[in-house]
Amino acid sequence: MKPVHAGGRIVVFGSLNMDLVARVPRMPGPGETLAGHGFFSNAGGKGANQAVAAARQGAQVAMVGQVGADAFGAELGTALHDNGVDVTDVRATAEAPTGVAMILVDDGAQNCIAVIAGANAQVGPADAQALVERLGPGDLLLLQLEVPMDAVQRAAAVARERGATVVLNPAPAHALPAALWPLVDILVLNETEAGMLDGQASVDASSAAGVGARLLQRGPNHVIVTLGADGVVWTSAAGTQHFDAVRVQAIDTTAAGDTFIGALAARLAAQLPMADAIAHGIRAAALSVTRPGAQASMPTLAEVARFAP
Ligand code: RIB
């Protein structure tokens, strides 16, 4: 098994969205109009969320991505900067508006999200060139699937050439090109994404270990399946380990997965063993679901340290 020897910087190559969030008592059906009971906007996008989650856990983080040359884009850049994320390689394009996510959150804390990619769809393989300067041995590259797949694949290849560790979160769920699998060191995915990649409807605590073992054979060294209230299952060549979830009163699960991944990466970058990093990620994600929003909900390192569920 290839060990994770991180202990360096984190670079996120991915999406930035402005999240427009409506609170509703329950999810409306097709054609139904429903009275909501709250609205707010906050910075989101799976890439930017993971960057902020890692930065709030004390990591040195840089973001590579694109926003539109508009007010939302400026706001998202400021949000990252205010969290200590290096935004030198977040470009504002005149060719598309900033990405937007329309989010419904119901009284059961579940969400429904429609993403309009906007400038995120303009990210291409050439943007991965920025990673040549930014990545080296010990650094981590975090990838998701809210920017085009050819750009994701090129970014992973550059990171590999530079000796960095590649962490892929295949979200939103999408089949991966064969050439991308062997470029991935750590695959982090939820039950739906795991089911999709393994050709099943979904995955639960009893099937996650088998799915993890099969996905491991395609190239990654670590497969980490997040199962919400059923915890996390980590599979590597050393075997499988289950981690219990932390019980909390959830009010909004948006970006819980992003919080987990950012916190996990931050702890790996601080040279903690994988099991400790996973346990830390679970605690950070548990705190995030007790608060509304995406980046607005993410805890600091001190908050996770103080957290006594
Ligand atoms: O993972 C949560 C994120 O998904 C939201 O912030 C939204 O922007 C979508 O990208």
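In the range 283-309, what count of residues is obtained for those that are open to solvent by 40 Å² or more (accessible area, probe 1.4 Å) and in a helix (DSSP H, G or I)?
Taking the range 283-309 and keeping what is open to solvent by 40 Å² or more (accessible area, probe 1.4 Å), we get 283, 290-292, 296, 300-303, 305-306, 308-309.
If we keep only those that are in a helix (DSSP H, G or I) as well, we get 283, 296, 301-303, 305-306.
The qualifying residues number 7.
Please verify whether residue 229 is open to solvent by 10 Å² or more (accessible area, probe 1.4 Å), of a type in the set (A, V, I, L, M), out of contact with any helix residue (DSSP H, G or I) (no Cβ under 8 Å at 6 or more places or on another chain) and touching a residue at least 60 places away in the same chain (Cβ under 8 Å), treating the condition exactly as stated. For residue 229, the condition - open to solvent by 10 Å² or more (accessible area, probe 1.4 Å), of a type in the set (A, V, I, L, M), out of contact with any helix residue (DSSP H, G or I) (no Cβ under 8 Å at 6 or more places or on another chain) and touching a residue at least 60 places away in the same chain (Cβ under 8 Å) - is not met. When 77, 73, 84 are checked against the criterion of being on the phi > 0 side of the Ramachandran plot and of a type outside the set (Lys, Arg), 84 stands alone in meeting it. When residue 280 is tested against (1) assigned to a loop (DSSP other than H, G, I, E, B); (2) away from the ligand (no atom under 12 Å from the Cβ); (3) open to solvent by less than 50 Å² (accessible area, probe 1.4 Å), exactly one condition is not met: (1). Annotation: of all residues in the range 35-49 being of a type in the set (A, V, I, L, M, F, W, C) and out of contact with any Gly (no Cβ under 9 Å at 6 or more places or on another chain), the one that is farthest from the ligand (Cβ to nearest atom) is 35.
Condition first: open to solvent by 40 Å² or more (accessible area, probe 1.4 Å) and acidic (Asp, Glu). Now tell me which residues in the range 123-167 satisfy that. The answer is 133, 150, 161. Once the range 105-122 is narrowed to residues that are open to solvent by 10 Å² or more (accessible area, probe 1.4 Å), under 20 Å from the mean Cα position of the chain (by Cα) and away from the ligand (no atom under 12 Å from the Cβ), the residue that is farthest from residue 51 (Cα to Cα) is 110. Just one of the listed residues (244, 252, 258) is open to solvent by 20 Å² or more (accessible area, probe 1.4 Å), closer than 20 Å to residue 189 by Cα and acidic (Asp, Glu), namely 244.
The values are calculated or read from the model by the stated rules, or taken from the named source; none is laboratory data. On a predicted model such as this, the values are computed, not experimentally measured, just so you know. For neighbour counting, all protein chains shown are included, and Cβ atoms are generated from backbone atoms with ideal geometry for every residue, glycine included. All accessible areas refer to the heavy atoms of the entire protein, side chains included, with ligands and DNA or RNA removed. Shrake-Rupley method; radii C 1.70, N 1.55, O 1.52, S 1.80 Å.
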